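Enquirer: Structure in structure tokens, see below.
The values are calculated or read from the model by the stated rules, or taken from the named source; none is laboratory data. What you see is a predicted model, and the numbers here were worked out from it, not measured in a lab. Glycine also receives a Cβ, built like all others from the backbone with ideal geometry; neighbour counts cover every protein chain displayed.
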Amino acid sequence: MARLDIDFCGIRSPNPFWLASAPPTDKAYNVERAFEAGWGGVVWKTLAEAGPPVVNVNGPRYGALLAVDRSLIGFNNIELITDRELETNLAEIAAVKRRWPDRAVLVSVMVPCREESWKAILPRVEDTGCDGLELNFGCPHGMSERGMGSAVGQVPEYIQMVTAWCKRYTRLPVIVKLTPNVTDIRFPARAAKAGGADAVSLINTVNSIMGVDPDTLRMSPEVGGKGTHGGYCGPAVRPIALHMVTEIARDPETAGLPISGIGGIGSWRDALEFIALGAGSVQVCTAAMVFGFKIVQEMVSGLAAYLDAKGLASVEALRGRALPSVTEWRYLDLNRVSKAVIHQDLCIQCGRCHIACEDTAHQAITAQRDGRRHFEVKEEECVGCNLCVNVCPVPGCITLRELAPGEIDRRTGQAVSGTALDWTQHPNNPLRSGA
Amino acid sequence: MSEPHRADIRPGRLAPQTYAAHFADHVAPLTEAQALLEANRCLYCFDAPCMQACPTRIDVPSFIRRIAEGNARGAAESILESNPLGGSCARDCPTEVLCEQVCVRHTQQGQPVAIGRLQRFAVDALMASAAPQIFTRAPASGRRVAVVGAGPAGLACAHALARAGHDVALFDAKPKAGGLNEYGVAAYKVAGGFAQREVEWLLAIGGITLHSGWRLASAAQLEALRREYDAVFLGVGLASTQQLGVPGEALEGVLDAVQFIGTLRQAEDLGTLPVGRRVLVIGGGMTAIDAGVQSKLLGAESVTIVYRRGPQHMRASRHEQELALTQGVGILHWLAPVEVLGEGGSARAVRFARQRLEGERLAPGGEEIVLETDMILKAIGQRLDGRVLAECGLALRDGRIAADEAGRTSIANVWAGGDCIAGGQDLTVEAVAHGLRAARAIDRQLRGRRSRPEQ
């Protein structure tokens with residue numbers, strides 16, 4: 001049996017599945033239920049400074065992008081950080097950690113960019129006995145207008161400065177949570193590392209407007225006739241999150257910095273992707289908000305079965321395994337040639353491959369043969385773009401076949417080369433090495 | 001000796017409140033949530049096979065996509081543009097052998113997109129809306145066309161001609177328009193008075209005058225129509241029914257299935273309709289199924305459809321046969337009636353001869369069986385009463401009116417379509433297609449000429 005327990009920058013957890021700092025980790029009641037369900041850890045919903053609590057809207061805080069079967073693809077929220085008293089939260093955190101010593105309890109914190117604010121709150125957080133600190137430099141709505149959240153995360157200098165304060169005032173591991181609302185995620189990650197961060201977590205939510213009500217012609221959701229952008233998450237953001245995690249994992253300047261992966265994780269497969277691209281733990285929110293806490297049991301079961309089947313002894317053994325397969329476009333082998341193949345025994349004759357290719361790609365799929373409905377790839381036109389594979393409703397019906405070296409590419413009439421050739425070496429590249 | 005036979009045929013076999021449930025929509029309408037989910041199963045095929053399979057070439061992918069996009073009105077518009085009787089076709093089309101049979105989801109998942117039910121969803125939504133009329137008439141052409149028969153073919157033809165700006169006189173022998181939709185198909189297929197609602201919608205386009213109770217019974221009538229109108233369309237259906245041609249056919253309790261269904265369809269109170277305790281239906285088409293199932297729904301204790309050939313030869317689709325079986329109607333094959341046996345003037349049994357195929361021909365196999373019954377419904381086919389039409393000088397083929405690809409008959413300015421012409425499959429949707437193609441041809445002809453032709 002593969003081991004699912006992890007040691008993430010010194011924080012131990014019986015499995016890599018943590019609940020992200022968000023509504024599900026708002027208070028002891030929820031967190032207790034989460035631990036009972038089997039979550040390995042939680043990041044407590046972001047604490048604010050002592051004083052009058054934050055005020056939330058009491059109208060729609062959430063909006064969703066739904067698939068046709070009403071399964072949730074994307075999710076958006078305008079809820080702020082905790083709106084409960086700091087003392088209440090601290091007391092509950094301490095109590096929960098005492099009851100669940102084997103689980104990871106991290107605490108998310110967001111206070112103004114003043115050293116004394118951080119200096120004031122950190123010892124109190126540490127006193128709860130929690131396992132680590134997560135700095136919320138990510139939330140893109142509400143608090144960012146007050147100079148916190150993503151307003152900090154978008155300025156590398158601020159990240160470094162605040163992270164350094166935190167390292168000064170607490171012995172807890174410090175995880176910096178990054179906002180994806182930047183042009184190059186490597187810069188905030190580098191700043192976190194420079195500030196002494198023990199790890200980064202990402203992504204926080206993406207700036208978003210969910211839609212417009214066609215009847216009222218007002219943006220939705222709205223509160224009293226007006227709405228504002230919220231933070232977008234859920235399955236739709238996963239590819240964006242994977243890219244950002246990968247960028248940091250591959251960046252020589254941040255190499256080795258532990259990453260807690262966040263963004264649309266709803267199954268063990270999703271978690272696998274983050275881990276294989278370098279994440280040491282994963283955080284979940286939307287899936288729990290859709291299905292409830294029990295879903296972690298399915299994730300644990302699936303990941304364990306996968307690791308066993310792959311002969312991988314632990315989560316750590318999986319971590320980063322897909323990273324060597326990621327490179328820059330310029331290093332892709334331009335001598336490789338693939339052609340689509342339509343498996344006629346699986347084809348249901350819908351013709352989507354044909355019309356997609358005919359109208360929008362390379363006119364490489366027939367609609368008829370001998371006057372009869374028939375869809376077949378014209379290899380002399382096919383560039384192996386994969387569009388037909390993606391629009392075909394039948395799994396496995398259309399596949400790409402890579403031509404063997406020496407085989408003639410009927411589109412070019414040339415034999416496929418057995419040696420690799422990338423853009424850096426390509427004769428069409430005026431800047432190629434040696435040119 | 002047993003007691004003398006007394007046929008048990010009586011009304012009110014069921015509790016009064018049962019009838020409404022028995023004759024309600026046999027296929028429930030889709031809810032909006034169901035329609036959205038089902039619509040999204042459609043793959044929006046290229047050159048969609050379903051569209052090709054529809055005699056009226058309804059653009060199925062388009063209308064379904066519009067449903068999926070929350071545009072039911074646009075969906076209905078797309079349907080009705082191709083088939084103004086899209087509402088009744090959605091209900092009584094044998095979609096399982098037309099559009100849904102060739103649906104690629106059928107190939108892939110063994111479960112086609114429910115095209116018929118989606119079509120009904122869209123058309124019903126339009127009909128229930130505040131502004132159900134989506135078509136307007138072209139400027140008046142000053143031309144007048146007579147349409148004989150207000151069934152699906154005639155209604156489709158009249159509607160298309162009215163849209164094109166012509167004035168239409170629509171004649172029908174029955175008190176109500178609608179043809180088989182009103183008088184012929186099973187009540188549970190077009191429940192809730194849909195046939196008349198559709199007729200009202202069709203006529204509301206304007207320019208169509210309905211003359212009911214008018215039967216084409218003489219050559220002189222057709223001559224008069226040809227004189228008075230610029231063109232004539234005949235969509236008279238098949239008004240006569242085939243006879244068994246066996247002894248005892250005239251006994252009491254031997255009824256015509258078409259008439260039985262017609263009476264049922266017009267009954268104010270189904271509890272007043274007499275039905276046998278045991279019913280035999282002789283035939284193998286849709287009428288046999290409709291008559292058999294409705295007998296059962298009226299409370300008959302046992303209903304058996306008896307057909308002279310095998311299941312694969314029945315004109316009723318497999319789906320219809322299964323419907324009958326699930327309703328508790330039995331089907332016997334390879335039995336042809338030889339004699340209706342009676343007592344005291346009423347039928348009490350039918351003697352059948354077991355049939356077998358000798359090449360393509362049926363031949364008695366020697367064995368005979370007698371099935372006791374209280375009521376016999378004959379559903380062995382309808383035919384054209386060709387006498388008047390022949391007198392009119394119309395060429396007939398296979399006992400029906402000969403018409404070309406556009407519906408032109410052998411007489412100038414006379415078109416025909418629907419079940420009354422040769423070469424068809426006796427489908428509602430096909431009748432609609434006939435009516436529409438004739439309307440197009442008539443319109444072309446009328447626009448191409450400045451004045452009425454010389455007689």
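Enquirer: Suppose we filter the stretch A:234-253 for residues that are surrounded by 22 or more Cβ atoms within 10 Å (Cβ to Cβ) and either among the aliphatic types (A, V, I, L, M) or in contact with a helix residue (DSSP H, G or I) (Cβ under 6 Å, 6 or more places away or on another chain) (or both); how many remain? Write out each step before concluding.
Expert: The initial filter retains those residues of the stretch A:234-253 that are surrounded by 22 or more Cβ atoms within 10 Å (Cβ to Cβ), namely A:234-235, A:237, A:241-242, A:244-246, A:248-249.
Restricting the remaining residues to those that are either among the aliphatic types (A, V, I, L, M) or in contact with a helix residue (DSSP H, G or I) (Cβ under 6 Å, 6 or more places away or on another chain) (or both) gives A:234, A:237, A:241-242, A:244-245, A:248-249.
Counting residues in the stretch A:234-253 that are surrounded by 22 or more Cβ atoms within 10 Å (Cβ to Cβ) and either among the aliphatic types (A, V, I, L, M) or in contact with a helix residue (DSSP H, G or I) (Cβ under 6 Å, 6 or more places away or on another chain) (or both) gives 8.
Enquirer: Report those strands (runs of 3 or more DSSP E) wholly inside the stretch B:308-398 carrying at least 3 residues which are under 18 Å from residue B:245 (Cα atoms).
Expert: Because the criterion is at least 3 residues that are under 18 Å from residue B:245 (Cα atoms), the strands (runs of 3 or more DSSP E) in the stretch B:308-398 that meet it are B:335-343, B:346-358, B:361-372, B:375-379.
Enquirer: Right, something else. Take residue A:392 and tell me if it is under 30 Å from the mean Cα position of the chain (by Cα), in contact (Cβ under 8 Å) with a residue 12 or more places away in the chain, under 30 Å from residue A:247 (Cα atoms) and within 13 Å of chain B (Cβ to nearest Cβ).
Expert: The answer is no for residue A:392.
Enquirer: Being of a type in the set (Val, Ile, Thr) and within 14 Å of chain A (Cβ to nearest Cβ): is that true of residue B:97 here? Show your work before the answer.
Expert: Numbers: of a type in the set (Val, Ile, Thr): yes; within 14 Å of chain A (Cβ to nearest Cβ): no.
So residue B:97 does not fit the description; no.
Enquirer: Consider only pairs whose beta carbons are under 8 Å apart and that are at least six residues apart or on different chains; among these, list those whose first residue lies in the stretch A:154-171 and is assigned by TED's automatic domain parsing to the domain that holds residue A:197 and whose second residue is buried (at least 18 other Cβ atoms within 10 Å of the Cβ) and among the charged types (D, E, K, R).
Expert: A:156/A:190
Enquirer: Pairs please, first residue from the stretch B:408-431 and assigned to a strand (DSSP E or B), second anywhere and surrounded by fewer than 18 Cβ atoms within 10 Å (Cβ to Cβ), Cβ atoms under 8 Å, 6+ apart in sequence or on different chains.
Expert: Close Cβ pairs satisfying both conditions: B:415/B:406; B:421/B:402.
Enquirer: Let me ask something additional. Select from the stretch B:29-53 the residues that are more than 23 Å from residue B:188 (Cβ to Cβ) and among the hydrophobic types (A, V, I, L, M, F, W, C) and list them in ascending order.
Expert: Those that are more than 23 Å from residue B:188 (Cβ to Cβ) and among the hydrophobic types (A, V, I, L, M, F, W, C): B:33, B:36, B:37, B:39, B:42, B:43, B:45, B:46, B:48, B:50, B:51, B:53.
Enquirer: Against the conditions (1) surrounded by fewer than 19 Cβ atoms within 10 Å (Cβ to Cβ); (2) under 23 Å from the mean Cα position of the chain (by Cα); (3) farther than 21 Å from residue B:400 by Cα, where does residue B:206 fall short? Just the number, please.
Expert: It fails just one condition, (2).
Enquirer: May I pose another question? Which residues, taken from the stretch B:294-320, are among the β-branched types (Val, Ile, Thr) and surrounded by fewer than 24 Cβ atoms within 10 Å (Cβ to Cβ)?
Expert: B:304
Enquirer: Of all the residues that make up the stretch B:102-131, how many are within 14 Å of another protein chain (Cβ to nearest Cβ) and among the β-branched types (Val, Ile, Thr)?
Expert: So the answer is 4.
Enquirer: Moving on. Can you name the number of the only condition in (1) within 14 Å of chain B (Cβ to nearest Cβ); (2) within 16 Å of residue A:332 (Cβ to Cβ) that residue A:416 fails?
Expert: Residue A:416 satisfies all of (1) within 14 Å of chain B (Cβ to nearest Cβ); (2) within 16 Å of residue A:332 (Cβ to Cβ) except (1).
Enquirer: Then there's this: Checking the structure you have, find out if any residue of the stretch A:367-374 is surrounded by fewer than 16 Cβ atoms within 10 Å (Cβ to Cβ), part of a loop (DSSP other than H, G, I, E, B) and more than 14 Å from chain B (Cβ to nearest Cβ).
Expert: Yes, there is a match, as at least one residue in the stretch A:367-374 is surrounded by fewer than 16 Cβ atoms within 10 Å (Cβ to Cβ), part of a loop (DSSP other than H, G, I, E, B) and more than 14 Å from chain B (Cβ to nearest Cβ).
Enquirer: Suppose the filter is in contact with an Asp or Glu (Cβ under 8 Å, 6 or more places away or on another chain), more than 30 Å from residue A:224 (Cβ to Cβ) and surrounded by 23 or more Cβ atoms within 10 Å (Cβ to Cβ); does residue A:13 pass it?
Expert: Considered against the rule, which asks whether it is in contact with an Asp or Glu (Cβ under 8 Å, 6 or more places away or on another chain), more than 30 Å from residue A:224 (Cβ to Cβ) and surrounded by 23 or more Cβ atoms within 10 Å (Cβ to Cβ), residue A:13 comes out as yes.
Here is a yes/no grid of residues against (1) among the aliphatic types (A, V, I, L, M); (2) exposed (fewer than 15 other Cβ atoms within 10 Å of the Cβ); (3) under 30 Å from the mean Cα position of the chain (by Cα):
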position: A:301; (1), (2), (3): no, yes, yes
position: A:309; (1), (2), (3): yes, yes, yes
position: A:313; (1), (2), (3): yes, yes, yes
position: A:317; (1), (2), (3): yes, no, yes
position: A:329; (1), (2), (3): no, yes, yes
position: A:344; (1), (2), (3): no, yes, no
position: A:348; (1), (2), (3): yes, no, no
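Enquirer: What is the one condition in (1) over 21 Å from residue B:257 (Cβ atoms); (2) more than 26 Å from the chain's Cα centre (by Cα) that residue B:404 does not satisfy?
Expert: Going through the list (1) over 21 Å from residue B:257 (Cβ atoms); (2) more than 26 Å from the chain's Cα centre (by Cα), residue B:404 breaks only (2).
Enquirer: So which of A:125, A:55 ends up being surrounded by 14 or more Cβ atoms within 10 Å (Cβ to Cβ) and either assigned to a loop (DSSP other than H, G, I, E, B) or in contact (Cβ under 8 Å) with a residue 24 or more places away in the chain (or both)?
Expert: Numbers: A:55 fails: surrounded by 14 or more Cβ atoms within 10 Å (Cβ to Cβ).
One residue alone meets the criteria, A:125.
Enquirer: Filtering the stretch B:239-254 down to residues that are surrounded by fewer than 21 Cβ atoms within 10 Å (Cβ to Cβ), touching a residue at least 24 places away in the same chain (Cβ under 8 Å) and among the aliphatic types (A, V, I, L, M), which residue is nearest to residue B:7 (Cα to Cα)?
Expert: B:251
Enquirer: Out of B:148, B:113, B:123, report the one residue that is farther than 29 Å from residue B:173 by Cβ and either modelled with pLDDT of 95 or more or within 21 Å of the chain's Cα centre (by Cα) (or both). Before the answer, list the steps.
Expert: Numbers: B:148 fails: farther than 29 Å from residue B:173 by Cβ; B:123 fails: farther than 29 Å from residue B:173 by Cβ.
Result of the check over B:148, B:113, B:123: B:113.
Enquirer: Follow-up question, since we're still on this one. Go through the stretch B:1-70 and tell me which helices (runs of 4 or more DSSP H), entirely inside it, have 2 or more residues that are within 14 Å of another protein chain (Cβ to nearest Cβ) and under 29 Å from residue B:431 (Cβ atoms).
Expert: Details: elements: B:18-22, B:32-39, B:49-53, B:60-68.
Qualifying helices (runs of 4 or more DSSP H): B:32-39, B:49-53, B:60-68.
Enquirer: Given the conditions (1) at pLDDT 95 or above; (2) within 28 Å of residue A:218 (Cβ to Cβ); (3) in a loop (DSSP other than H, G, I, E, B); (4) not hydroxyl-bearing (Ser, Thr, Tyr), report the number of the one that residue A:138 does not fulfil.
Expert: Result: residue A:138 fails condition (1) only.
Enquirer: Now for a separate question. List every residue pair whose Cβ atoms sit under 9 Å apart, with the two residues 6 or more apart in sequence or on different chains, where the first one lies in the stretch A:353-381 and is in contact (Cβ under 8 Å) with a residue 40 or more places away in the chain and the second, anywhere, is surrounded by fewer than 16 Cβ atoms within 10 Å (Cβ to Cβ).
Expert: A:379/A:410
Enquirer: If a residue has to be in contact (Cβ under 8 Å) with a residue 12 or more places away in the chain, surrounded by fewer than 18 Cβ atoms within 10 Å (Cβ to Cβ) and out of contact with any Leu (no Cβ under 9 Å at 6 or more places or on another chain) to count, how many in the stretch B:321-337 make the cut?
Expert: Total meeting the criteria: 3.
Enquirer: Given the residues B:276, B:344, B:285, B:271, which is the only one that is over 24 Å from the mean Cα position of the chain (by Cα), touching a residue at least 40 places away in the same chain (Cβ under 8 Å) and over 18 Å from residue B:373 (Cβ atoms)?
Expert: B:271
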